[in-house]
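Working notes for the structure below.
The values are calculated or read from the model by the stated rules, or taken from the named source; none is laboratory data. Every value quoted in this text rests on a predicted model; they were computed, and no experiment measured them. Cβ coordinates were reconstructed from backbone atoms using ideal geometry, including for glycine residues, and neighbour counts include every protein chain displayed.
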């Protein structure tokens, strides 16, 4: 993990916080309008129904299983342990913190806004629709890893995985398009905040150690 410059943390934190605020505002607006689908939601929903195939449903259900809360907890623990064993404790802390915070925020929004899922949903999850938990966690984990690893291919993998997860949720009519969009923005924003915060803390810790070494000489 490389610490950002002195100015960039403020810019990143403000941008990510504003993005989270925009997600909350979108949810409030949707609820104020009746908590049903918007025009773009219905357009995409109908398009997904037209494009449904047996192969598509098989892929979408596989993504549903992999991206579920239980599966992601297992994957998250494996990632954290792997990063610790690779002697990257700060990166492990970024992933762990981002996952916990994003899941907490998504749950609060789901319980507060209580947006119903599409009536013809093929998924029988108990939680409500806004935002998509699967998409939130997908974005959180992949963006946190991309930021920590600083490898170009990770950003491509993140884009593909988050897009695939968002598609699968609407393909199964588990969510509206605005649900998965909100989840992607929320997960990305939380990952940015977690990484930036940890980078600043790490830089401060390194400076403290360096100063202590100088004084001890």
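Things to note:
- Any hit, the range 118-140, residues being more than 17 Å from residue 198 (Cβ to Cβ), surrounded by 14 or more Cβ atoms within 10 Å (Cβ to Cβ), out of contact with any strand residue (DSSP E or B) (no Cβ under 6 Å at 6 or more places or on another chain) and free of Cβ contacts under 8 Å to residues at least 12 places away in the same chain: no
- Scanning the range 170-189 for residues that are closer than 23 Å to residue 104 by Cα and more than 14 Å from the chain's Cα centre (by Cα), we see that the one that is surrounded by the most Cβ atoms within 10 Å (Cβ to Cβ) is 175.
- Filtering the range 123-150 to residues that are within 21 Å of residue 78 (Cα to Cα) and out of contact with any helix residue (DSSP H, G or I) (no Cβ under 9 Å at 6 or more places or on another chain) leaves only 150.
- Number of positions in the range 50-95 that are touching a residue at least 60 places away in the same chain (Cβ under 8 Å) and not in a helix (DSSP H, G or I): 5
- Pick from the range 104-136, criterion more than 19 Å from residue 28 (Cα to Cα) and not in a loop (DSSP other than H, G, I, E, B), ranking: farthest from the chain's Cα centre (by Cα): 134
- Test for residue 80: is it within 30 Å of residue 202 (Cα to Cα), crowded, with 18+ Cβ neighbours inside 10 Å and at pLDDT 95 or above: no
- Count of the range 16-42 residues, restricted to those that are free of Cβ contacts under 8 Å to residues at least 24 places away in the same chain and either assigned to a loop (DSSP other than H, G, I, E, B) or under 21 Å from residue 115 (Cβ atoms) (or both), is 8.
- Hey, residue 98 surrounded by fewer than 16 Cβ atoms within 10 Å (Cβ to Cβ) and assigned to a helix (DSSP H, G or I) or not: no
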